[in-house]
Amino acid sequence: MACYAHENVDLLIASANDNSERQMRQINDFIDQHVDLLIISPNQLSTISSAIERAGRKGIPVILFDRKSDTDYFTAFIGADNYEMGRTIGEYMAAKMDGHGNIIEIQGLKGSSPAIERHNGFLNAISHYPDLHLLASLESDWTEEGGRRAMEAWLHGQGNSQTINLIFAQNDRMAVGARKALVTSRHDANKPLFTGIDGLPNQGGGLELVRDGILAASYIYPTGGDQVIQLAMSILQNKAYEKENYLETALVTRDNASVLLMQAKEIQRQAHSLEAIHVMAGRYATQYSLQRIVLLLLVAVVTILLASAVILLRLYRAKTLLNQQLEQRNKDIELQKMQLEKSHETERQLTDTLKQISKTQSPFISKLRGAVIMHLSEPDFNVIQLADEMAMSRVQLYRKVKAQTGLAVVEFIRNVRLEQARQLFEQTDLNVSQVADRTGFYTLQYFIKCFREEYGLTPKDFIKKCHQQHQKPESKE
């Protein structure tokens, strides 16, 4: 939504769904599209560092959002101070427990910067209290089910005989999962204190959990989408910006949970009201514009009528001759239009014929197309590999392909992929995503864009057209 405040901004979004390998491919795909800036939330600390460094070498600014990476090739970071969150939670709970007790920590996704920083901050806080004992630091995956599994595994292994005074989960969902595990296995979920991080205001979120005493504390995790876009615009417009940008947040306890929840609901209500006002303002602006246009048209019509009356009085005698001239001129224009359309059609047919001749009669092009088709489903198949397949240098390959097709080698590879995609749509019942995978495109969005540019239709529209062409009319006897 923050993009709407800036003109000429196109926001392309890709989700890796916690898959680091897929995130690497998506970043490289955006780099190959020559985007102006990348906003990346690394799945883990080091898995996509090489892709971030490639973007940096290509001169593409990179904003790390919410999570960090172990490379210095990024332009700026914006997100929460996860170390401070973990430290503050630790200090608060140490005071709550009078510096005594046994603690279980449930971490988020292994290798992600929030999990590492929250753990380090929490350890720093409790290290000042010798009577606070960390019994275990369990690994999970940010989900409620993951928190429940981690807690159940520890209880089954060694935990049933030990007293737990505090469970610090690195987010609220894992805290809820751990609590359910205790209810199921030990029936003493009300004895230890539970803490989390996120503090969401939605139903069943962290604010309600703290208010209702299910969690002893949480921490509001800021998103700051508008601030991310503003930082991106400052970088693109060469304005001053900070490399490290930490968003403000707050600890949630039983003392302030109700107030924070009330404020959140009020903000949501006002946001809905503001959106309604924007809609009404848009309608009023449209009505005003229409009224202004109508008024201008009326003035123009009156002016034209007055001028026409004067002119018609003077040119009445020449009316017949003028009509004849206009009729002849219209005929000439129609004739020229027909000739131009015929010329364009002839030119298009000639171009198609030349392309077909180039494809069918050149053994080199046939071999080249065959090499590409052999590696069709490999998204990483590139010019270097194609040159090796053809036993040529990159320069020789480029010159020969350019001379015979007028295309760069990269364009040729892409056209073969698109041509095969078109044939798959015509000859099979594969869906768009399956065809994109089989023809070697990194992302579905990029495949749709290239297909539309080549054939003038989106893949879905093309499939619909193929189905319509295959339907034969019933014969009448």
ask   = Say R0 is 22 Å: what FRET efficiency, to the nearest 0.05, do GLN434 and GLN385 get from their beta-carbon distance?
value = 0.40
request  = First check a/c for segment 89-207, with a ≥ b ≥ c the square roots of the eigenvalues of its C-alpha gyration tensor; if it is under 1.5, answer rounded, and if not, answer prolate when a/b is larger than b/c or oblate otherwise.
outcome  = rounded
ask   = Where does each of 377-383, 204-210 land if you order them by average Cβ count within 10 Å, highest first?
value = 204-210, 377-383
query = Reachable aspartates and glutamates from LYS402, Cα under 12 Å, same-chain residues fewer than 8 places away excluded?
reply = GLU411
task = Return the carbon/sulfur percentage of the accessible area of the chain, one whole number, probe 1.4 Å, all protein chains in place.
result = 53
ask   = For segment 376-472, what is the charge dipole size about the Cα centre, in debye to the nearest 20, if Lys and Arg each add +1 at the Cβ and Asp and Glu each add -1 at the Cβ?
value = 340
ask   = What list of ³J(HN,Hα) values in whole Hz, one per residue of segment 412-419 in order, does the Karplus curve 6.51 cos²θ - 1.76 cosθ + 1.60 (θ = phi - 60°) give from phi, with Gly and Pro shown as x?
value = 4, 4, 5, 5, 5, 4, 5, 5
key: Residues with amide H under 5 Å from that of LEU193, placed H, sequence gap 5 or more   = LEU166, ILE167
remark   = Amide H contacts under 5 Å for LEU138, restricted to residues at least 5 apart in sequence or on another chain and with H modeled in the peptide plane, are GLU105, ILE106, GLN107
inquiry  = Helix-only estimate, please: 222 nm mean residue ellipticity of the chain, summing -39500 (n - 2.57) across DSSP H runs of length 4 or more and dividing by its residues, to the nearest 500.
reply    = -19500 deg cm²/dmol
ask   = Stretched out fully, how many nm does the piece from LEU407 to LYS337 gain, at 0.36 nm a residue minus the Cα gap?
value = 22.0 nm
ask   = Pairs LYS400/LYS465; LYS239/LYS449; LYS68/LYS243; LYS239/LYS265; LYS68/LYS110: which exceed 24 Å Cα-Cα?
value = LYS400/LYS465; LYS239/LYS449; LYS239/LYS265
remark   = Heavy-atom accessible area per residue of the chain, all protein chains kept, 1.4 Å probe, expressed in Å², is 62
key: Summed residue charge, Cβ within 15 Å of ASN431's Cβ, Lys/Arg positive, Asp/Glu negative   = 0
query = Residue by residue through segment 433-446, which ³J(HN,Hα) values in whole Hz follow from phi under the Karplus form 6.51 cos²θ - 1.76 cosθ + 1.60 (θ = phi - 60°), with glycine and proline marked x?
reply = 5, 5, 5, 4, 5, 5, 9, x, 8, 5, 10, 5, 5, 5
query = P(r) for segment 46-95: what percent of alpha-carbon pairs falls in each 5 Å bin, starting at zero?
reply = 5, 19, 22, 16, 11, 9, 8, 6, 3, 1, 0
inquiry  = Could you sort the peptides 17-26, 435-444, 237-246 by per-residue average Cβ neighbour count (10 Å cutoff), highest mean leading?
reply    = 435-444, 17-26, 237-246
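The values are calculated or read from the model by the stated rules, or taken from the named source; none is laboratory data. Bear in mind that the values here come from a model prediction, so they are computed numbers and not experimental data. Glycine also receives a Cβ, built like all others from the backbone with ideal geometry; neighbour counts cover every protein chain displayed. Just so you know, the surface numbers come from the protein's heavy atoms only, side chains and all, with ligands and any DNA or RNA stripped out. Shrake-Rupley method; radii C 1.70, N 1.55, O 1.52, S 1.80 Å.
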